[in-house]
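J.: Structure provided below as structure tokens; questions to follow.
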Amino acid sequence: MKTKLTALAVTTALVAPAAMAQEMTIVSWGGAYSKSQLKAYHEPYSAKSGVTIINDDSSAEAVAKLRAMNEAGNVTWDVVDVVAADAIRLCDEGLAMEIDADTQLAAAPDGTSASEDFGDLLVSDCFIPQIVYSTTFGYRTDLVGDTAPTTICDVFDTDAYPGKRALEKRPINNMEWALLCDGVAKSDVYDVLATPEGQDKALAKLGTIKDDVIWWSAGADTPQLLADGEVVMGSTYNGRLFAVIEEQKQPVAMLWDAQVFDLDGWIIPAGLSDERKAQALDYIMFATDTQRLADQAKYISYGPARASSAPLVGKHAELGIDMAPHMPTDPNNAQNTFLYNYEFWADYRDDIDAKFQAWLAK
Amino acid sequence: MAALTPISRKPMSLVLPTVAAAGGFFGLFIGTSNGSGTLGVLIGALMAVAGAALYIFVLKNENLGKWLTIALYGALGFWFGGIAAAIIGLLYGWFIHWFSYWLYEGRYRARLLPYLTPKQVLWHYTFRVICGAIFTFLITPILVVMPLSFNAQDFFTFTPEMLRLDPAGYSLKHYQDFFTNNEWQRSFKNSLIIAPIATVISVSLGTLAAIGLSQSHVPGRRAIMAIMISPMIVPLIISATGMFFFYSQIGNWMEGTLGLNKTFVGYVKVVLAHAVLGIPFVIITVTATLVGFDRSLTRAAANMGANPVTTFFRVQMPLILPGVISGGLFAFITSFDEVVVVLFVGSASQKTLPWQMFTGLREQISPTILAVATILVGISILLLATVEMLRRRSERLRGMSPT
């Protein structure tokens with residue numbers, strides 16, 4: 001038996017290199033999001049090029065893992081999906097490759113250059129934006145009484161809406177919302193948050209509901225808590241809420257007020273061999289063209305990052321509902337919004353994180 | 001079993017408080033889930049006492065009392081919470097009636113030795129209740145998972161349809177997802193490749209090491225033993241970090257210098273890392289078996305002209321086989337359940353089942369994980385049952401009585 005197994009292993013080893021087609025490892029977030037990428041990008045790309053794509057759902061720890069891989073000289077990832085803030089960090093540390101948008105990305109069908117088509121969303125030299133998503137609140141329609149919440153400050157109003165709330169276990173977004181509901185004008189939020197007094201003020205406001213908060217750390221937590229009725233309202237990514245409401249038919253509705261826009265996109269790790277780099281660039285060129293970005297919106301309610309993709313957004317591939325009204329960027333939903341402030345959080349993240357964690361433990 | 005002790009009716013001062021305590025205990029659960037634990041305890045205790053008093057003073061007919069109680073609690077359950085609650089009610093009704101008579105008629109003494117003091121009798125049953133409670137705490141989380149894996153929704157939630165036992169609330173779609181989803185299938189396949197090979201390596205090396213280390217003339221054998229079983233003691237995350245850097249170097253060398261395929265090298269790295277984790281289990285179980293091994297047998301074999309290899313396979317191996325098998329089983333389960341090391345050492349092409357479950361749990365709470373967990377529990381039960389049956393069979397064949 002033992003010899004048979006060894007023989008089997010050896011045969012596999014000898015046969016494998018010849019039979020194996022080209023492979024690439026693409027790292028993403030998992031869940032419905034990876035599924036939308038599979039349908040919109042991976043499947044058509046594999047059909048076109050014959051490359052086998054392997055998914056690794058490790059985006060949550062992408063920065064740490066890329067650092068370790070780089071140190072060990074063993075980068076196994078070819079293309080990595082990260083949020084813009086992580087892309088900026090990776091780019092600064094030299095762990096991601098710089099991309100020239102105009103020569104290495106596809107132009108729009110009407111000839112507009114890629115750098116113009118993406119516009120302001122190219123927040124880093126290494127980052128190829130893919131989608132605009134937002135962090136916003138969903139609430140249980142059957143648990144909020146007769147008047148549904150309409151503003152962000154209803155989250156802090158435990159008298160009108162008793163029950164637990166789910167908030168993300170990190171200061172980003174929570175601090176902004178707290179200040180906004182503590183009477184700070186929207187334009188002053190980051191000026192106030194830059195001062196220690198402002199940070200204390202935000203934490204004090206969060207302190208008023210601390211006993212009613214369930215802190216989440218994975219995007220799937222809030223949908224589960226809402227479906228269980230454990231929380232009355234909770235923040236999460238808008239695409240997750242779309243799945244809860246439209247696909248799972250749960251009694252949940254969106255509170256778009258003060259949603260925070262953020263970007264998600266690709267980076268290519270630095271230090272790939274020439275062959276793998278060429279492969280990764282070829283994939284990126286294909287997966288971020290106008291049609292592909294618009295296709296992704298058929299599977300998940302995140303807005304495509306290219307201006308030229310917006311008019312092509314159609315109906316959901318399986319549910320057949322119009323996707324435009326579910327996009328965070330739809331004018332009805334985007335009446336009061338924030339854009340994730342990359343510079344502010346790059347400068348203050350460590351300090352405020354420490355303060356927030358200390359406050360949580362109190 | 002025949003009755004050992006003649007039984008007699010017990011006084012109300014014993015029966016009623018004990019029945020009340022049992023009723024209150026069950027009432028606590030019902031009450032807590034409906035808002036007020038205290039109220040639940042009170043109502044549960046009162047109903048149990050009323051029931052016991054009714055059987056003893058009014059009905060005086062055991063069978064009639066039984067069916068009345070079952071019907072009453074079943075109806076109450078149905079009225080409050082539908083079919084599922086009705087079933088619980090029926091079971092509870094049967095139990096509380098049986099419990100009341102068991103106490104009242106003194107049946108609890110029937111099967112115990114006549115000379116036991118009341119304290120010993122009390123301890124006899126307390127001990128069993130404690131064991132039962134431990135068993136319940138161990139097994140309930142696993143049992144809860146099973147019905148949830150048939151959930152028709154994509155959440156870890158008992159839906160109202162499920163609680164009503166409505167077929168619409170149940171579905172096999174998560175099992176279907178497991179068997180049709182590429183990610184799950186690939187990780188399942190990877191686990192089935194990695195775990196057996198790692199087990200074979202750990203068992204071979206671990207058995208040899210254990211035999212060597214049990215020879216009294218090996219110098220420094222305590223130190224060697226300590227190093228060999230260190231993977232079991234060092235926190236996994238620390239071994240994993242070390243292994244990551246070590247195997248990255250090895251992998252680069254194998255890919256660069258030997259020119260081996262990247263995917264194949266990935267499997268080799270994970271298999272070796274898992275074999276290292278499995279070796280301590282084999283060493284420990286085989287060493288323990290060797291303690292009872294009679295050394296004069298090897299000398300006798302040598303005396304009859306067998307060389308050491310023949311002696312090992314014909315004499316020693318069959319006798320220590322139970323230790324080798326259970327060590328191998330531990331090594332297999334270690335590799336099959338392992339998530340930390342494979343996250344570090346492996347790349348996505350070696351994604352194993354626990355890795356897929358780990359990311360699945362974090363990124364999307366999908367009941368497919370529960371379906372997989374249920375299947376794995378089934379496989380584990382089959383595996384353990386098979387090994388146990390084989391062991392008994394071989395013992396029967398060798399003329400020993402099964403223990």
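Bear in mind that the values in this text are calculations on the coordinates, not laboratory data. Note that the structure is a prediction, hence the values are computed from the model and not measured. Note: ideal-geometry Cβ built from the backbone for every residue, glycine included; neighbour counts use all protein chains shown.
J.: Helix-only estimate, please: 222 nm mean residue ellipticity of chain B, summing -39500 (n - 2.57) across DSSP H runs of length 4 or more and dividing by its residues, to the nearest 500.
T.: Only helices count here, giving -25000 deg cm²/dmol.
J.: Taking H placed 1.01 Å from N in the peptide plane, check which residues at least 5 places from A:TRP216 or on another chain put their amide H under 5 Å from its amide H.
T.: Amide H neighbours of A:TRP216: A:LEU167, A:GLU168, A:LYS169.
J.: Additional query: Determine the shielding of peptide B:262-269 by partner chains: average, over its residues, the number of Cβ atoms on other chains within 10 angstrom of each Cβ.
T.: Mean inter-chain Cβ contacts per residue within 10 Å come to 4.
J.: Using only the alpha carbons of segment B:98-181, what is the convex hull's orientation-averaged projected area in square nanometres? Mind showing how you got there, number by number?
T.: Numbers: hull surface 35.8 nm².
Its Cα hull, projected and averaged over all orientations, spans 9.0 nm².
J.: Quick one: what are the phi-derived ³J(HN,Hα) couplings along segment A:106-115, Karplus 6.51/-1.76/1.60 with θ = phi - 60°, whole Hz, x for glycine and proline?
T.: 6, 6, 5, x, 7, x, 4, 5, 4, 5
J.: Once you sort the root eigenvalues of the Cα gyration tensor of segment B:198-246 as a ≥ b ≥ c, which label holds: rounded (a/c under 1.5), prolate (a/b larger than b/c) or oblate (the other case)?
T.: oblate
J.: Additional query: Suppose every K and R has +1 on its Cβ and every D and E has -1 on its Cβ; what is the size of the dipole of segment B:181-366 about the Cα centre, in Debye to the nearest 20?
T.: 320
J.: So, one more: Using the C-alpha gyration tensor of segment A:147-231, what are the square roots of 5 times its eigenvalues, in whole angstrom, with the largest one first?
T.: Numbers: eigenvalues 110, 43, 24 Å².
The three semi-axes for segment A:147-231 are 23, 15, 11 Å.
J.: Could you state the principal axis extents of the C-alpha atoms in chain B, from the largest down, to the nearest angstrom?
T.: Here the spans come out as 89, 57, 36 Å, largest first.
J.: Could you give me the radius of gyration and the Dmax of segment B:181-366, taking only the C-alpha atoms into account and expressing both in angstrom?
T.: 19.1, 65
J.: Express the Stokes-Einstein translational diffusion coefficient of chain A in µm² s⁻¹, to the nearest whole number, given a Kirkwood radius over alpha-carbon pairs, 20 °C and a viscosity of 1.002 mPa s.
T.: It comes out at roughly 97 µm²/s.
J.: Now a separate question. Working from Cα positions, state the angle (0 to 90°, nearest 10) between the long axis of helix A:274-287 and the longest principal axis of chain A.
T.: 50
J.: If the chain between A:LEU143 and A:ASP191 were fully stretched, how many nm would it gain, using 0.36 nm times the residue separation less the Cα-Cα distance?
T.: Gain on extension, A:LEU143 to A:ASP191, equals 13.7 nm.
J.: Specify which residue in the list B:GLY328, B:GLY305, B:VAL387 is farthest towards the positive end of the charge dipole of segment B:275-403, using unit charges on the beta carbon of Lys, Arg (+1) and Asp, Glu (-1), about the Cα centre.
T.: B:GLY305
J.: Bins of 10 Å, beginning at zero and ending with the bin holding the largest distance: percent of Cα pairs per bin for segment B:267-403, please.
T.: 10, 27, 30, 19, 11, 3, 0
J.: Under the classification rounded if a/c is under 1.5, otherwise prolate if a/b is larger than b/c and oblate if not, where does the protein assembly as shown fall, given a ≥ b ≥ c as square roots of the Cα gyration tensor eigenvalues?
T.: Taking the square roots of the gyration eigenvalues as a ≥ b ≥ c, the protein assembly as shown is oblate.
J.: Next up: Once you compute Rg and the Kirkwood Rh from C-alpha atoms, what is the Rg to Rh ratio for segment B:118-257?
T.: With Rg and the Kirkwood Rh in hand, the quotient comes to 1.16.
J.: Classify segment B:226-309 as rounded, prolate or oblate from the Cα gyration tensor: take a ≥ b ≥ c as the square roots of its eigenvalues, call it rounded if a/c is under 1.5, otherwise prolate when a/b beats b/c and oblate if not.
T.: oblate
J.: Then there's this: Calculate the mean, over all residues of peptide A:53-59, of how many other protein chain Cβ atoms lie within 10 angstrom of the residue's Cβ.
T.: 6
J.: How long is segment B:12-115 along each principal axis, judged by its Cα atoms, biggest number first, in Å?
T.: In descending order, the Cα extents are 45, 27, 25 Å.
J.: Determine Rg/Rh for segment B:6-53; Rg is computed over alpha-carbon atoms and Rh is the Kirkwood hydrodynamic estimate from the same atoms.
T.: 1.13
J.: For segment B:335-403, report the convex hull volume of the alpha-carbon atoms normalised per residue, in Å³, without decimals.
T.: Value for segment B:335-403: 120 Å³ per residue.
J.: Ok, one more. Which percent of Cα-Cα pairs in segment A:72-221 sits in each 5 Å bin, short to long?
T.: For segment A:72-221, the binned pair fractions read 2, 7, 13, 14, 14, 13, 12, 10, 9, 5, 2, 0 percent.
J.: Next question. Over chain B, what is the relative contact order in percent, taking alpha-carbon pairs closer than 8 angstrom and at least six residues apart?
T.: On the way: 454 pairs, mean separation 66.9, N = 403.
Result for chain B is 17 percent.
J.: Would you please give the residues with an amide H less than 5 Å from that of A:CYS126, counting only those at least 5 places away or on a separate chain, with H modeled from the backbone geometry?
T.: The answer is A:ILE99.
J.: How do A:LYS249, A:LYS169 line up, fewest other C-beta atoms within 10 Å first?
T.: On the way: A:LYS249 9, A:LYS169 16.
Neighbour counts put them in this order, fewest first: A:LYS249, A:LYS169.
J.: Quick one: which residues, 5+ away or cross-chain, put their amide H under 5 Å from the amide H of A:VAL132? H built at 1.01 Å from N.
T.: A:GLY303, A:ALA305
J.: While we're looking at this one, here's another question. Once the Cβ-Cβ distance between A:ILE209 and B:SER33 is put in as r, and R0 is 22 Å, what FRET efficiency do you end up with, to the nearest 0.05? It would help to have the intermediate numbers written out before the result.
T.: Details: r = 26 Å, r/R0 = 1.20.
After rounding to 0.05, the efficiency reads 0.25.
J.: Further, regarding this structure: Straight distance only, please: which lysines reach the Cα of A:LYS169 with their own Cα at less than 23 Å, same-chain residues fewer than 8 apart left out?
T.: Straight-line reach from A:LYS169, under 23 Å: A:LYS65, A:LYS186, A:LYS201, A:LYS205, A:LYS210, A:LYS355, A:LYS362.
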